[in-house]
1. Just to verify a number: FRET efficiency for Asn90 and Ser167, C-beta to C-beta distance, R0 = 35 Å, to 0.05?
2. What does the charge add up to near Leu172, with Lys and Arg as +1, Asp and Glu as -1, over the other residues with Cβ less than 11 Å from its Cβ?
3. Select from Ser142, Leu161, Ile186 the residue farthest towards the positive end of the dipole of region 134-210; place +1 on Cβ of Lys and Arg, -1 on Cβ of Asp and Glu, and compute about the Cα centre.
4. Once you put a point 7 Å from the Cα of Thr103 and another 7 Å from the Cα of Thr182, both along the Cβ direction, what distance in nm separates them?
5. Please list, in order, the residues from region 177-218 whose amide nitrogen is less than 12 Å from a point placed 7 Å along the Cα→Cβ vector of Arg154.
6. Taking the Cα centre of each part, how many Å lie between region 158-191 and region 123-151?
7. Going down the list Lys130/Lys218; Lys105/Lys157; Lys149/Lys171; Lys105/Lys149, which pairs span over 20 Å between their C-alpha atoms?
8. Tally Lys/Arg at +1 and Asp/Glu at -1 over every other residue whose Cβ is under 14 Å from the Cβ of Asn153; what's the total?
Amino acid sequence: MINRISLSHFDIAQCKLGRRFTPRKRNLSILNRFFIILFTTAFVISCGSKKPRVVTTKKRAKKERVYKKPAVTTSTNTDDPPVLKTVENNTATFNTVIKNARTYKGTTYKYGGSTRSGMDCSGLIHIAFKESGTNVPRTSRSLYDASKKIPLNRVQKGDLLFFATGSNRKKLNHVALVTNVTPAEITFIHSTSSRGVIESTLNEIYWVNAFLSAGRLK
């Protein structure tokens, strides 16, 4: 009987203890869950990605150092047509011009012409320089205007001689290219109306009488 009473008291004590401690354990479990949820939420918030900000103006972009000025490119077009050079006052250039002019010796005279089928005096000068890569005027008068007047005793190879072969002995109407200069004579090549392209000298009376001036292309 005593044993049964003791057991009953023990059981009652255990029940009392169970009522006392079970709620505390439950409260601790709930509190732990609360802290776990709180920590997880904070972690998610701190690790979440931010929405990117869109920059819509250059001023704002420049302030935030994200705007780059577009690079300037330059054209490298190499298809431009070649430009003829102006007269180079050197022996090599004039030797080439004289050589070109001599290839037309025997060509017949043709007013306004500048080909092997016929050419006039200024046409010969123009084509001879052009074939050497140099641009000069086309007419006798324009060649005269483009030249610097020089005395006859200063004439060199490549210079020009101007003549008046018409009835008016003061009116320029003919031009020739000096091909050689020696103490004895001045030789020149030109296109004449009677004989076509030939070489002559100032020792010939006709050309001495028709001579007006000498010039050097600028």
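Read-outs throughout are calculated quantities, based only on the coordinates presented, and are distinct from any laboratory measurement. Values in this document were obtained by computation on a predicted structure and should not be read as measured data. A quick note on method: Cβ atoms are made from the backbone with ideal geometry, for glycine too, and the neighbour counts reach across all protein chains shown.
1. On the way: r = 39 Å, r/R0 = 1.12.
Taking R0 as 35 Å, the efficiency between Asn90 and Ser167 is 0.35.
2. Details: positive: Arg141, Arg169, Lys170, Lys171; negative: Asp145.
Counting the neighbours of Leu172, the net charge comes to +3.
3. Value computed over the given set: Ser142.
4. 2.7 nm
5. 214-217
6. The two parts, judged by their Cα centres, are 13 Å apart.
7. On the way: Lys130/Lys218 16 Å; Lys105/Lys157 18 Å; Lys149/Lys171 16 Å; Lys105/Lys149 27 Å.
Beyond 20 Å: Lys105/Lys149.
8. On the way: positive: Lys149, Arg154, Arg216; negative: Asp159, Glu185.
Its environment carries a net charge of +1.
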